[in-house]
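Worksheet: one structure, shown below.
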Amino acid sequence: MRISTNLMFQRGLDSLQRSESALYKVQQQLTRQTKILSPSDDPIANSQVMNLNNALAQNEQFMRNSTSLEANLRQSEANLDGVNSGLQRARELAVGVVNGSYSADDRKAVAKELRAIEKQLVDQANARDAQGEYMFAGFQSRKEPMQYDASTQSYQYVSDQGARNIQLTPNLKLAANEPGSKPFANVSQRVDINVESGQNLVGELRVSNREQFTDFTEQQQSNGNPRDFNISFDGAGNYSIDDTSGNNLASGAITDGKISFNGMDITLAEDASPSASDTIQISNGEPIGRNPITLVSDLAAALEGKGTNGQWEDEASWALDDLNKAMDNVVGTQADIGARMNVMESARTQLRDADVVNQTARAELADVDYNEAVTELVKNETLYQASQQVFSRINQLSLFDYVQ
Amino acid sequence: MASFDLLTKGQTAVLAHQRALAITGQNINNINNPDYVRERAEYVSNPFGGLRGVESRRMIDEYIVGQLNRSHMDVAFQNGKLDQAEPLDSLLGNTESSINSAVTSFFNSVQDANNDPSSLTNRQVVISEAEGLMTRMSDFSRYLNDQENIVNERVRDSVQQINTLSKNIAELNNELKFGSSNVKGFDANSLRNQRDQQLEELSKLVSFDVVKSDSDAVQVNLKNGVPLVLKDGRYNMITANSQPDTGRVEIQIESTNSSDPTKFYLKPDQLGSALGGYMDYRDNQLLPAQRRIGQMALRIADTMNSQNQKGMDLDNQLGQKLFDLSSTPVRALDFEENTGNANINVGLLEGNSAKLTSDNLLITKTGADTFTVQAADNQGRAIKNAPEVTISTAGNPSAIAVEEYGVELTSANFSAASDGDKFLAKPVEDIAGDIGVAISRPEDLALAKPVRVSDDLENQGSANIELESINGTSNFFDAAGKTLADGAPTGVAVDAVNSDGTFDVTLSRKNGSDITLTGLSDLKNLAQQANDQAAANGNPAPFAGSPLDYDISINGQPAAGDSYSIEYNTDGFDDNRNGEAFTELQQNAQLRRSSADSDDANMTFAEGYSRVVSDIGSYVQQTRSRRDAAQAIEAQTQAMYEAKSGVNLEEEAANLIQFERAYNAAARIITVAQRTFDSLLNAVG
């Protein structure tokens, strides 16, 4: 085929340019460390790489979430440890009161320590986290969850049962906090009993079966009847108990100077002999749920001498039962937290494994194989040099050099 | 006589060889002239014997020239497409500043805010990220806009050049037709060279066919048969014009030499070469990418708005909109042949835009008070298989919702349109820049749900109350009072657990009477069950709204006497349940893939963006390989052309030697002829 001079130059130039652009491409790949310089180099691989990048970014976020979750859970757990140790100490004191023979002064000393424990429990229930929000407060984290209610003389949980979820994997969300209603749940109920009149007739008033008594009070309440009742006497050793609306609740004979009614035992005063005009008026408060703080407070109050005579003995034995239940609740909550930490750990492992898989896949799709790339580089360099040499040699030849 | 013969012969020979040398010289002169076609010295015989002279023959193969021009058209077409596609492809390859990374980082900031919902810092980051996301989308949109302007400029420039070239070719046609027969010594070859060069230039701009005629004039026809240059020296001009809106450029051919120019619209796929390439890129990649980004931006804004409005912010108020979409409705463009004068605006159907499509919409008035709406392409033609929605404007409403396409049509005067009027609406094109961020205070982000539920602490049973999802806030919430509205369910009390396992419950309402339900087999969606029972008894439904703003279920085994309460989530600042719903927006399908059939939303935001990137990527990849193939063919054809028409210096050098010798020999003939004459004269005395 006939070659024109222009064509020869053009061809030489073309091959130089081609080698140059191949060199440039390899150079770019090496410096940017990816085979895919722009999506058009491999649209399918690029789209897969984009998906992998999204998955990796999402996992990174989940790992950050898990750090936040861990901090929350550890803090809750630590606080509950403190609560538990407080309740343990209270229980020891209660055992001492029940078993030992303490004088009134001894009891007052125990009460002092119990008050200190009470304060500690309140502080822990109202503990704040690093951001200054109340940890055990459900959703309303700017308000103290445990507040003193003067009308019932007890600490009550005033927040809600909400829990904040933190996402660890696309399908796994774990609660980051405990609403205080769980660890500080009510474990029993109490009824505040007051002898309104006829105190001189009453020697001792004890509640031997508090469940029975609180049930009775609740029953009265749900039937719409008043909780307060009067004990009247006929002067002949019989008593009659009517509630303040006049409904008769019980009647019977006084046995050994004692009147028992729905778990309440009234021992008449030693020298009392009630006549027909005597009445003992008993008023009962509304049944109040007792959470651990309230029960410690109640025990302390009883040991300080409040309430009816002998009530401190009942309080102490109730306290043993209640404290056990309370500690169970706290430990149960801690177990819950522990379980969640375990799930979180395994989620983290899952995330790390997924990361490894994704990064490997991404590397296979997009990363430059240095061996391959450097070989390409050397090959293209050689080609480029060859093109240059061929170009210069061919274009030196001209017939005009030989024709005079 | 012999000597005269010899002299004549010598003279002819010398002149001939001189001419041959001149031709060779000319070839060598023009070695670097790209337009030059090699001329060969041809020795022409005298019909009566002997040499007549030397003529120059232009060495060209018209078929190869045609093929070469066609390969130029191919290469220019592919390059025209790549001209703007490649920069876009590189831009999309830059992952750090991509829209995808902005979306990811926005949703990540929502997750961080969810981890500590009452932290103002985290919330502020969410707002900044939202602004950043919208800014990035609008920057990208602006980049595409700039590209469109560049493409339109290129089209206009090309059109101007085409017109200039047409004019030149027509003039050359004239000169060749009239000149060759009249003027002697007229260098027709150089004019032909010029004309071929103009045609080659033209081939790089637009596709055409050349029709030869005997009179040495050529006719240049465009691909649809319309002539650009005529044999008789006339030519037609093309203009860049557009319909229905003047921002876009379409090509229109009109004849210059007649008093009533008829217009032919050239379809972009009939143009070929660079012009066709620009328009192919613009219509098939640039505008769709622009629209898809617009679709994504509007959907992100709308879904976030809806979700925020279902939540409660740090001021205990129901959430407001996060993004301001008030500047996004666009005016639908009238077609030129419309006779009425209605103004129709098309905007997003806020809160119900799941079926928003990434195509334009064609609105046609088909009858009194009826319009049809259908998805359309760039030229305003309806897309096949796209659903055609009929809407009625009876009663002259000011706004009509078209749920099938997720848009709303508004107009002050629907009735002012005439039958057959058509409008082309582009609700998602170049829209990202018009979306503003409506909140600036971090407290305005509604991460909490507006309602919370709790089990009464004294409950004996082992059941929990659960809040079903929030569907809206129009009925059960008193926004101004930051509390539940009258008539909203506020509590559930289990009256009895019957021996057959059914339950009797009482639902309490705010400021309303309690509703008792008996014999319930399950305790799911109690408010809906209350409505159903009322409907079965022919009574009005106690709870307003469909779907209900919220509903409650009791899970587990309750005991008689258990109660559960529902209240407005006042001060519930640590609640992140609505924030969780925000993050789910990233995982759920939110974008409609195509207008064909009645597609629902079936792509996530990440998939939508990925589609834009991979479409451009494949387009560039395919076009590059086609361009490389076309260039290979062009190179081959160029070689064939050069083989025929290119100058080879070696050949010319050889010719120089050959003709010089011949010339010397011919000169010698004259010398010899002279000497024989002299010797004859001497012999005679």
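The values are calculated or read from the model by the stated rules, or taken from the named source; none is laboratory data. None of these values were measured; they are calculated from a predicted model. As a convention, Cβ positions derive from the backbone with ideal geometry for all residues, glycine included, and neighbour counts pool all protein chains shown.
Overview of values
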| quantity | calculated |
| --- | --- |
| Residue within the range A:11-28 that is farther than 18 Å from residue A:361 by Cα, more than 14 Å from chain B (Cβ to nearest Cβ) and among the β-branched types (Val, Ile, Thr) present | yes |
| Members of the range A:368-404 found to be surrounded by fewer than 14 Cβ atoms within 10 Å (Cβ to Cβ) and outside any helix (DSSP H, G or I), listed by number | A:369, A:397, A:398, A:402, A:403, A:404 |
| Residues that are more than 14 Å from chain B (Cβ to nearest Cβ) and among the small types (Gly, Ala, Ser), drawn from the range A:367-404 | A:373, A:386, A:387, A:392 |
| Any hit, the range A:246-256, residues being closer than 16 Å to residue A:205 by Cα and surrounded by fewer than 16 Cβ atoms within 10 Å (Cβ to Cβ) | yes |
| Which listed residue, of A:6, A:79, A:54, A:65, is crowded, with 19+ Cβ neighbours inside 10 Å and either more than 11 Å from chain B (Cβ to nearest Cβ) or in contact with a Ser or Thr (Cβ under 6 Å, 6 or more places away or on another chain) (or both) | A:79 |
| Residue count for the range B:104-118, restricted to those that are at pLDDT 90 or above and either within 9 Å of chain A (Cβ to nearest Cβ) or under 30 Å from residue B:202 (Cα atoms) (or both) | 10 |
| Positions within the range B:421-453 being surrounded by fewer than 19 Cβ atoms within 10 Å (Cβ to Cβ) and outside any loop (DSSP other than H, G, I, E, B), in sequence order | B:436, B:437, B:443 |
| Test: residue in the range B:637-645 that is farther than 30 Å from residue A:53 by Cβ, of a type in the set (Val, Ile, Thr) and more than 10 Å from every other protein chain (Cβ to nearest Cβ) | yes |
| Failed item in (1) at the interface with chain B (Cβ under 9 Å from one of its Cβ atoms); (2) assigned to a loop (DSSP other than H, G, I, E, B); (3) farther than 23 Å from residue A:284 by Cα, with residue A:144 passing the rest | (1) |
| Selection status of residue A:44, at pLDDT below 90, at the interface with chain B (Cβ under 9 Å from one of its Cβ atoms) and either buried (at least 16 other Cβ atoms within 10 Å of the Cβ) or touching a helix residue (DSSP H, G or I) at 6+ places or on another chain (Cβ under 9 Å) (or both) | no |
| Test: residue B:622 is in a helix (DSSP H, G or I), more than 27 Å from residue B:300 (Cα to Cα) and within 21 Å of the chain's Cα centre (by Cα) | yes |
| Test: residue B:163 is more than 39 Å from the chain's Cα centre (by Cα) and either closer than 20 Å to residue B:232 by Cβ or at pLDDT below 90 (or both) | no |
| Selected residue (criterion: nearest to residue A:318 (Cα to Cα)) from residues of the range A:147-190 that are away from chain B (no Cβ under 12 Å) and among the polar types (S, T, N, Q) | A:154 |
| Every residue from the range A:30-41 that is in contact (Cβ under 8 Å) with a residue 60 or more places away in the chain and either in contact with a strand residue (DSSP E or B) (Cβ under 9 Å, 6 or more places away or on another chain) or at the interface with chain B (Cβ under 9 Å from one of its Cβ atoms) (or both) | A:36 |
| Odd one out for residue A:277 among (1) under 19 Å from residue A:202 (Cβ atoms); (2) in contact with a Ser or Thr (Cβ under 6 Å, 6 or more places away or on another chain); (3) outside any strand (DSSP E or B) | (2) |
| Strands (runs of 3 or more DSSP E) enclosed by the range B:213-273 - at least 2 residues per element that are more than 14 Å from residue B:156 (Cα to Cα) and modelled with pLDDT of 75 or more | B:218-222, B:227-229 |
| Scan of the range B:570-619 for residues that are assigned to a loop (DSSP other than H, G, I, E, B), under 28 Å from residue B:353 (Cβ atoms) and more than 16 Å from the chain's Cα centre (by Cα), ordered by number | B:575, B:576, B:588, B:589, B:590, B:596, B:597, B:598, B:599, B:600, B:604 |
| Among residues of the range A:371-404, those that are of a type outside the set (A, V, I, L, M) and without any contact (Cβ under 8 Å) to a residue 12 or more places away in the chain, counted | 15 |
| Count of the range B:592-633 residues which are crowded, with 16+ Cβ neighbours inside 10 Å and within 11 Å of chain A (Cβ to nearest Cβ) | 20 |
| Odd one out for residue B:655 among (1) at the interface with another protein chain (Cβ under 9 Å from one of its Cβ atoms); (2) crowded, with 19+ Cβ neighbours inside 10 Å; (3) more than 30 Å from residue B:358 (Cα to Cα) | (1) |
| Count - residues of the range A:92-135 that are exposed (fewer than 14 other Cβ atoms within 10 Å of the Cβ), polar (S, T, N, Q) and in contact (Cβ under 8 Å) with a residue 40 or more places away in the chain | 0 |
| Residues of the range B:1-54 that turn out to be in contact with a Phe, Trp or Tyr (Cβ under 9 Å, 6 or more places away or on another chain) and assigned to a strand (DSSP E or B), as a count | 5 |
| Residue satisfying condition, being aliphatic (A, V, I, L, M), touching a strand residue (DSSP E or B) at 6+ places or on another chain (Cβ under 6 Å), free of Cβ contacts under 8 Å to residues at least 60 places away in the same chain and surrounded by 15 or more Cβ atoms within 10 Å (Cβ to Cβ), within set B:386, B:332, B:376, B:399 | B:376 |
| The range B:406-420 - residue that is within 28 Å of residue B:354 (Cα to Cα) and not polar (S, T, N, Q) and, of those, surrounded by the most Cβ atoms within 10 Å (Cβ to Cβ) | B:409 |
| Yes/no for residue B:130 being crowded, with 17+ Cβ neighbours inside 10 Å, under 30 Å from residue B:300 (Cα atoms) and either touching a residue at least 60 places away in the same chain (Cβ under 8 Å) or within 14 Å of chain A (Cβ to nearest Cβ) (or both) | yes |
| Those residues of the range B:495-512 which are within 16 Å of residue B:461 (Cβ to Cβ), assigned to a strand (DSSP E or B), free of Cβ contacts under 8 Å to residues at least 60 places away in the same chain and not acidic (Asp, Glu), in sequence order | B:503, B:505, B:506 |
| Any hit, the range B:638-651, residues being more than 30 Å from residue B:72 (Cα to Cα) and surrounded by 14 or more Cβ atoms within 10 Å (Cβ to Cβ) | no |
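Okay, residues lined up against (1) assigned to a helix (DSSP H, G or I); (2) under 20 Å from residue B:587 (Cα atoms):
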| residue | (1), (2) |
| --- | --- |
| B:105 | yes, yes |
| B:109 | yes, yes |
| B:117 | no, no |
| B:125 | yes, no |
| B:133 | yes, yes |
| B:142 | yes, no |
